[in-house]
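What follows is a short report on a single structure.
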Amino acid sequence: MDLTKATSPGLIYLDVDLNTKAEVFDFLVDKLYSAGKIKSKKDFLKAVYNREEESVTGLENGLAIPHGKSDTVIEAAFAVVRTKNVVTDYASLNPDNQVRLIFLLAIPNAEAGTTHLELLAELAARMADENYRKSLMNVATADDMFHLLGERLEKKQQNNIDKNKPSIVAITACAAGIAHTYMAAEALAKAAAERGIDIHVEKQGAKGLEDKITKSQAAKAYAVIYAHDVALKETERFKGLPKVDVPVADPIKNANKVLDFALEKAAHFDPAQRNIEITEEEKPTKRSFMTELKDSVLTGISYIIPIIIAGGMISAIVVLITQTFGLQTVLSDQHSWLFILKTLGGNMLGTLMVPVLSAYMAYSIADKPALGPGFAGGLAALMINSGFLGGMLAGLIAGYLLKWMKEHIKSKGVFSGFITFWIYPVIGSLIVGVLMLFVVGNPVAALNTGLVHWLNGLAGANALLLGGIIGVMVSFDLGGPVNKAAYAFSLGAMANGNFAPYCIFASVKMVSAFSVSAACYLKKDIFTKEEREIGNQTWILGLAGITEGAIPFAMADPIRVIGSFIAGSIVTGAIVAYFAVGLSVPGAGIFSMFLLKGGISGLTNAIIWLGAALIGAIISTLLLIVTRKQKLNKLAKRTV
């Protein structure tokens, strides 16, 4: 792919004095806007920060490739900046990465699966070449870099393959399925070519299976390398091969080390042995129980989030249409289009969510054979009203049951299909269903019912405590693991029909963003120019329910800033919890105030929900100002 078609010398800037991630993003977004590539700086910046929430875009060797997909992008393009100094707060795949060269990709939503992936794949492949990276880091002018981006990068051919060295196959896959997948593949291919090793690398990314390993390549292989952060597909092709199982980051950091592991395992292997049973030594490296458990839960949640948002928003749209146009009579008719749409949204939340959670938790543990039993367990959880907790238990039971069956119930030849397509799904689903319906499911259902009753019965001090705890968790790490734990708890409560926790969560998310903007506006003299620029925008992110805009402030002075956020968030959470206001629509941002349930009344609920966020923001704002002044006074005394 010719990269120059998506950029120009006017979008390339060298040795610019930028020191923070926020400064870099603001600078590059401004350049894309000036070049006519995007219609709205605010909308595109929001898309970029949304992508940053998913996973880090800092890579290795001083590189970062952030990207945003949005309808505000007029045409696919990217801007480049090489900073004068290291961008110290840019989180990367390698914690020691000293980011200085940043490519910001702007992609229209319509091209998310085409141009987006092609640009990232091409950049990732080029960045795996050490000489090419050094050339980019050392070019003198924007024109020189533009011409370098336009050069056709010749792939190193494996003409010098050493026939005395064993052939190897490999699969790479990362969480996003984009940059790291391609960089790991390129790093392995390049290192193997330099050492005369015959290697075939398959990429399992956002495009699906690319450069798929053929049967003949797999038959000739002496070892297989799995470099991945997510479950791999079709691994049964490599049954019997010695395996090296590592995170996707390992080949990017040191491909030769990974190849050495593979050669060591291949040293005493003969491809003719593929017809014998797998030995203990040939089994994949096992994940620890806690790692496997964590990966299972996160995988399940990642698959239900689109269902939750889609189902919730469809229901919300129906409610807004009904209230706006006075169509309550139409909605009450079970044959009307409005009722049918509301039923669709409700079923996505009420019927689909738990079985999908169970199925993909099981999939994370035991791959595709566990999907059927996982779905069956999720449906059983719904039948006995064990809700979110039951769904999670069903996913774990299905995953570990099928993992055991795959290890102990095996067959070759004509019976292998019978085992895969009959024994695993049928017997597995039957066992999981029986366990959930008649054994372990009922105690969990009782626990779930007890939790629901406890949540529904919260009042006074107990409600205040719940709201305060959720408030602390939301603002403690601004979108990090603790924040995500609060999100998971709120979703679980929502699945059980209690909408108060998510309502608290949604209100508290605005506190940090509002307080940063207010503090910068009220006391401009105690904040730097860069901080004021960030503060001018965070309130908008707060309206969308995005806490990450306040991260630059928190990183600069974590104890004072996070402490200020938490103080206001506790008050906000407590107020919303005390009035028992509920919210059943995830991800609606400020529009949530029109969709609230319970509490006192429609308008009053909206006032309480938004007012609680504003009260919390006022408290946090005052604390931000006071603590900042204290900090400045201490610094002033030290300089005297």
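Numbers below:
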{"item": "Qualifying residue in the range 343-364 (condition: in contact with a Lys or Arg (Cβ under 8 Å, 6 or more places away or on another chain), at pLDDT below 90 and surrounded by fewer than 19 Cβ atoms within 10 Å (Cβ to Cβ))", "result": "no"}
{"item": "Considering residues of the range 1-30 that are surrounded by fewer than 19 Cβ atoms within 10 Å (Cβ to Cβ) and of a type in the set (D, E, K, R) only, the residue nearest to ASN536 (Cα to Cα)", "result": "ASP26"}
{"item": "Residue count, the range 212-249 (criterion: assigned to a helix (DSSP H, G or I) and without any contact (Cβ under 8 Å) to a residue 60 or more places away in the chain)", "result": "8"}
{"item": "Matching entry among GLY568, GLY542 (being under 13 Å from ALA506 (Cα atoms), in contact (Cβ under 8 Å) with a residue 12 or more places away in the chain and open to solvent by less than 30 Å² (accessible area, probe 1.4 Å))", "result": "GLY542"}
{"item": "Among (1) more than 13 Å from LEU45 (Cβ to Cβ); (2) at pLDDT below 80 - the single one GLU548 does not satisfy", "result": "(1)"}
{"item": "Unmet requirement for LEU117, which otherwise passes all of (1) modelled with pLDDT of 95 or more; (2) part of a helix (DSSP H, G or I)", "result": "(1)"}
{"item": "Answer residue from the range 60-78, given it is in a loop (DSSP other than H, G, I, E, B) and touching a strand residue (DSSP E or B) at 6+ places or on another chain (Cβ under 6 Å) and is farthest from ASP229 (Cα to Cα) among those", "result": "THR72"}
{"item": "Only listed residue being in contact with a Lys or Arg (Cβ under 8 Å, 6 or more places away or on another chain), free of Cβ contacts under 8 Å to residues at least 12 places away in the same chain and surrounded by fewer than 20 Cβ atoms within 10 Å (Cβ to Cβ), chosen from LYS524, LYS529", "result": "LYS524"}
{"item": "Residue that is farthest from THR83 (Cα to Cα) [pool: residues in the range 11-41 that are out of contact with any helix residue (DSSP H, G or I) (no Cβ under 8 Å at 6 or more places or on another chain) and part of a helix (DSSP H, G or I)]", "result": "SER34"}
{"item": "Residue among LEU382, LEU401, LEU393 that alone is in a helix (DSSP H, G or I) and within 24 Å of the chain's Cα centre (by Cα)", "result": "LEU393"}
{"item": "Condition broken by VAL87, with the remaining ones in (1) surrounded by fewer than 22 Cβ atoms within 10 Å (Cβ to Cβ); (2) of a type outside the set (Gly, Ala, Ser); (3) outside any strand (DSSP E or B) satisfied", "result": "(1)"}
{"item": "Subset of the range 385-401 [more than 20 Å from TYR487 (Cβ to Cβ) and modelled with pLDDT under 90]", "result": "ASN385, SER386"}
{"item": "Residues within the range 596-640 that are farther than 20 Å from GLY545 by Cα and assigned to a helix (DSSP H, G or I), tallied", "result": "21"}
{"item": "The range 389-404 residues that are under 12 Å from ALA359 (Cβ atoms), paired with ones that are aromatic (Phe, Trp, Tyr) and at pLDDT below 90 (beta carbon under 7 Å, 6 or more apart)", "result": "LEU402/TYR424"}
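The values are calculated or read from the model by the stated rules, or taken from the named source; none is laboratory data. Note that this is a predicted model, so its numbers are computed, not measured. Glycine also receives a Cβ, built like all others from the backbone with ideal geometry; neighbour counts cover every protein chain displayed. These accessible areas exclude ligands, DNA and RNA; they are computed on the full protein's heavy atoms, side chains included. Shrake-Rupley method; radii C 1.70, N 1.55, O 1.52, S 1.80 Å.
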